[in-house]
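**Student:** Shown below is the structure under consideration.
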Amino acid sequence: MEQTPKKLSKKTLRKTWFAWQSWGQICYNYERMMGLGFAHAMSYVLEDLYPDDKDKLAEGLTRELTYYNTENTFGSMIAGIVASLEEKKANDDSLSGDMINNLKAALMGPVAGIGDTITQSLVKVILLGIGIDMAKNGSALGPILFVVLFCAYALIVGHICFYSGYHLGQASVTGLLKGGKIARVTDSLGALGMMVLGALIPTTITVGTPLKFAVGQVKINLQSILNSIVPDLLPVLLFLGLFYLLRKGQKPVRLMGLIIVAAIVLSLTGILK
Amino acid sequence: MNTFFIAIIIAALCWLTSSALPMWSRWAFYFGAPLVAGLIDGLLLGQLTYGLQVGATIQMAYIGLLAVGGTLPNEMAIAGYLGVAMTMLSGSSAATGLAIATPLGLLGVLCQNAKMALNPIWVHRADTYAAAGDVRGVRRMNLFASQIVPFITYFIPAFLCVYFGGHYFAAFMAALPVQITNILMLIGKMMPALGLAMLMQVLAKKSTIPFILIGFALAAYLKLDVMAIAIIGTGLALLHYYYMPQGGHRDGTDAKKA
């Protein structure tokens with residue numbers, strides 16, 4: 001007798017997406033990172049596919065509870081692909097569970113690379129830059145706007161990624177990762193990120209010098225001379241110096257220590273304030 | 001408001017934003033912790049403008065900080081919600097706030113490590129539930145058991161710090177000699193440079209260097225605010241996209257690899 005192929009319901013897909021984007025990282029740990037969160041999301045898929053088959057359900061849950069670590073927003077794409085693969089496997093047992101796990105392991109790194117760059121170093125920085133600016137001027141709208149826009153970004157992008165992963169499958173995602181389009185998009189977003197970064201240097205680094213020289217009768221204020229060369233010259237030099245040291249391979253924690261030592265010396269000698 | 005309730009709310013914020021809120025909202029509440037804390041702590045302590053200024057100042061130092069592979073060198077929930085509250089309770093200036101928040105954030109890394117190291121307990125119990133096909137058991141471990149360690153490592157220390165420490169902290173900050181306060185403030189002013197340098201390390205490519213110069217000039221000379229610069233930046237980024245060769249800039253050497 002021919003069976004009708006199993007198909008995930010719309011409700012199951014919605015629950016899976018939302019569980020991944022909400023609870024994927026809630027039990028974050030050194031041993032399996034987001035593994036349990038991923039299994040939680042897939043539990044809705046497996047429950048729908050194997051309603052009366054405890055053995056298959058157990059097998060599926062164990063399969064999805066392995067080591068897993070990626071970026072949450074763009075990582076929704078992988079959750080979508082795995083949901084579609086689990087659906088295929090339920091209809092065709094020749095598809096092996098190992099294949100699903102290998103695919104997860106192969107995609108999580110590259111997707112995290114793209115996701116971390118876009119979510120953390122671009123979207124976050126631009127929205128924070130705007131929010132900080134408004135808050136500094138005493139506007140409560142700064143933090144509110146930041147929260148609303150960042151949540152909207154995560155939900156909208158995550159939703160698109162999950163459903164494109166589910167409908168388009170692994171081939172298109174692998175193509176996307178390899179193809180030039182994502183590189184062009186990341187590069188252009190990087191351009192915007194660099195603009196905002198340039199704007200943040202003079203507005204957030206606020207070191208100055210209180211030094212004054214007396215030349216004959218005239219007292220000269222060093223800061224006003226520096227300002228006439230390039231405004232915010234000291235912040236720029238400090239920024240470039242730290243960037244140079246980072247590129248030389250210095251660890252941020254060491255540089256934090258260096259800043260503390262430098263601040264003690266420069267403050268006590270009255271060179272910087 | 002009663003100190004007890006303020007301490008409860010701030011402690012709950014440290015715990016929820018570091019571990020319990022849905023991840024799609026934690027991006028904002030966690031990575032923007034000091035900024036958001038400026039609003040919430042400011043309202044709680046009845047000094048909104050002061051709170052916003054402290055929050056914005058502390059946030060600047062963390063703007064470039066990235067969690068690579070999921071771990072941060074500084075715990076943002078503690079530095080944010082607790083750091084802003086302690087700064088405000090001690091009546092310190094916004095610039096000093098950074099020197100209060102950063103050490104707290106460094107201690108907070110211990111809270112984070114404890115959670116990451118102890119949570120495998122629940123993962124192993126989830127393994128047992130999974131092997132039995134118990135879907136609810138697996139979900140219970142993920143949603144609820146996972147909160148036991150963070151509650152102990154985040155909620156309790158933060159509560160004790162605000163409830164018992166707030167009063168002494170004010171006296172402590174007031175007794176500090178002016179030289180020490182000056183040093184703390186200078187650290188606070190220099191710290192943002194490190195975050196921005198870290199960001200530059202991720203973003204810098206040969207083909208995007210011109211944009212940092214434009215952004216700098218617009219802010220330093222024309223005094224435009226970040227929103228205006230972001231709008232101009234979006235326009236330029238679109239031009240950059242349209243006029244880019246297929247497959248991106250081949251000459252664009254990655255700063256990390258260079």
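**Student:** So which chymotrypsin sites (Phe, Trp or Tyr not before Pro) in region B:195-246 end up in coil per DSSP with only 11 or fewer other C-beta atoms within 10 Å? Walk me through the numbers before you get to the answer.
**Tutor:** Values: sites: B:Phe211, B:Phe216, B:Tyr221, B:Tyr241, B:Tyr242, B:Tyr243; in loops: B:Tyr221, B:Tyr243.
Passing both the DSSP loop test and the Cβ count: B:Tyr243.
**Student:** What is the sum of charges, Lys and Arg at +1 and Asp and Glu at -1, for the other residues whose Cβ falls under 13 Å from the Cβ of B:Gly80?
**Tutor:** Details: positive: B:Arg26; negative: B:Asp41, B:Glu75.
Around B:Gly80, the charge tally is -1.
**Student:** Using the Cα gyration tensor of region A:133-273, with a ≥ b ≥ c the square roots of its eigenvalues, what is the shape: rounded (a/c below 1.5), prolate (a/b larger than b/c) or oblate (neither)? Intermediate values should be presented prior to the final figure.
**Tutor:** Numbers: a/c = 2.93, a/b = 2.27, b/c = 1.29.
Verdict is prolate for region A:133-273.
**Student:** Test of understanding: what is the full-extension gain from B:Ile8 to B:Leu43, defined as 0.36 nm times their sequence separation minus their Cα-Cα distance? Spell out each step's value before the answer.
**Tutor:** Details: separation 35, 0.36 × 35 = 12.60 nm, distance 1.47 nm.
Residue separation times 0.36 nm, minus the Cα-Cα distance, leaves 11.1 nm.
**Student:** Further question on the same structure: Using a Förster distance of 45 angstrom, determine the FRET efficiency expected from the C-beta separation of A:Leu258 and A:Lys10, and round it to 0.05. List each step's numbers first, then the result.
**Tutor:** Values: r = 55 Å, r/R0 = 1.23.
So, using R0 = 45 Å, E works out to roughly 0.20.
**Student:** Right, next: For the protein assembly as shown, what is the mean residue ellipticity at 222 nm derived from helices alone (per DSSP H run of n ≥ 4: -39500 (n - 2.57); sum divided by total residues; nearest 500 deg cm²/dmol)? Display every interim value, and only then the final one.
**Tutor:** On the way: 23 runs with 372 residues, N = 531.
Using -39500 (n - 2.57) per qualifying helix, the result is -23500 deg cm²/dmol.
**Student:** Any idea what the relative contact order of chain B is, in percent, if you count C-alpha pairs under 8 Å spaced at least 6 apart?
**Tutor:** Working: 301 pairs, mean separation 55.1, N = 258.
Once normalised by length, the contact order is 21 percent.
**Student:** May I pose another question? Please label the shape of region A:229-273 as rounded, prolate or oblate, based on the square roots a ≥ b ≥ c of the eigenvalues of the alpha-carbon gyration tensor (a/c under 1.5 means rounded; beyond that, a/b larger than b/c means prolate, else oblate). It would help to have the intermediate numbers written out before the result.
**Tutor:** Numbers: a/c = 3.55, a/b = 1.18, b/c = 3.01.
It is oblate, given that a/c is not under 1.5 and a/b is not larger than b/c.
**Student:** Between A:Arg254, A:Arg184, A:Arg63, find the one with the highest GNM mean-square fluctuation for chain A; connect C-alpha pairs within less than 10 Å.
**Tutor:** Greatest mean-square fluctuation among the candidates belongs to A:Arg254.
**Student:** On to the next question. Based on the alpha-carbon gyration tensor of the protein assembly as shown and its eigenvalue square roots a ≥ b ≥ c, which shape applies: rounded if a/c is under 1.5, prolate if not and a/b is larger than b/c, or oblate?
**Tutor:** On the way: a/c = 2.53, a/b = 1.54, b/c = 1.64.
Taking the square roots of the gyration eigenvalues as a ≥ b ≥ c, the protein assembly as shown is oblate.
**Student:** Okay, next question. My understanding is that a pair violates if its Cα-Cα distance is over 19 Å; which of A:Lys248/B:Lys205; A:Lys124/A:Lys273; A:Lys219/B:Lys223; A:Lys104/A:Lys181; A:Lys6/A:Lys88 do that in this structure? Don't skip to the answer; put the middle values down first.
**Tutor:** Working: A:Lys248/B:Lys205 17 Å; A:Lys124/A:Lys273 30 Å; A:Lys219/B:Lys223 29 Å; A:Lys104/A:Lys181 22 Å; A:Lys6/A:Lys88 8 Å.
The pairs that break the limit, which is 19 Å between Cα atoms, are A:Lys124/A:Lys273; A:Lys219/B:Lys223; A:Lys104/A:Lys181.
**Student:** Within chain B, what's the longest stretch lacking trypsin sites (Lys or Arg not before Pro) that sit in DSSP loops with no more than 11 other Cβ atoms inside 10 Å? Show your work: numbers first, answer last.
**Tutor:** Working: sites that count: B:Lys223, B:Arg250, B:Lys256, B:Lys257.
Segment B:1-222 is the longest.
**Student:** Using a Debye calculation, one point per C-alpha and no hydration shell, please list log10 I(q)/I(0) for chain B at q = 0.09, 0.12, 0.15, 0.17 Å⁻¹ in order.
**Tutor:** For chain B, the Cα-only Debye profile gives -0.52, -0.84, -1.09, -1.24.
**Student:** I've got another one for you. Can you give me the relative contact order of chain A as a percent, contacts being Cα pairs under 8 Å and 6 or more apart?
**Tutor:** On the way: 291 pairs, mean separation 42.4, N = 273.
Dividing the mean separation by the residue count of chain A yields 16 percent.
**Student:** Once each part is reduced to its C-alpha centroid, what is the distance from region A:75-126 to region B:116-166 in angstrom?
**Tutor:** Each part's Cα centre sits 25 Å from the other's.
**Student:** Between B:Ile156 and A:Leu237, what is the spin-label point distance in nm, taking each point 7 Å from the Cα along the Cα→C-beta axis?
**Tutor:** Placing both labels 7 Å along Cα→Cβ, they lie 5.0 nm apart.
**Student:** How far is it, in nm, from the label point at B:Ile231 to the one at A:Ile144 when both lie 7 Å from their Cα along the line to the Cβ?
**Tutor:** For B:Ile231 paired with A:Ile144, the spin-label model returns 2.0 nm.
**Student:** Among B:Gly137, B:Gly105, B:Gly165, which one moves the most in a GNM of chain B with springs linking Cα atoms closer than 10 Å?
**Tutor:** In the Gaussian network model the winner is B:Gly137.
**Student:** Still on this structure, I have one more. How far apart, in nm, are two points set 7 Å out from the Cα along the Cα-to-Cβ line at B:Asn113 and at A:Asn221?
**Tutor:** 4.7
**Student:** For chain A, modelled as a GNM with alpha-carbon contacts under 10 angstrom, which of A:Ile205, A:Ile182, A:Ile225 fluctuates the most?
**Tutor:** Taking springs between Cα atoms under 10 Å, the residue moving most is A:Ile225.
Every read-out reported here was derived from the displayed coordinates using simple, explicitly stated rules and does not represent laboratory data. None of the values given here were measured: they were computed from a predicted structure. Don't worry about glycine lacking a Cβ; one is built from the backbone with ideal geometry, like all the others, and counts go over all protein chains shown.
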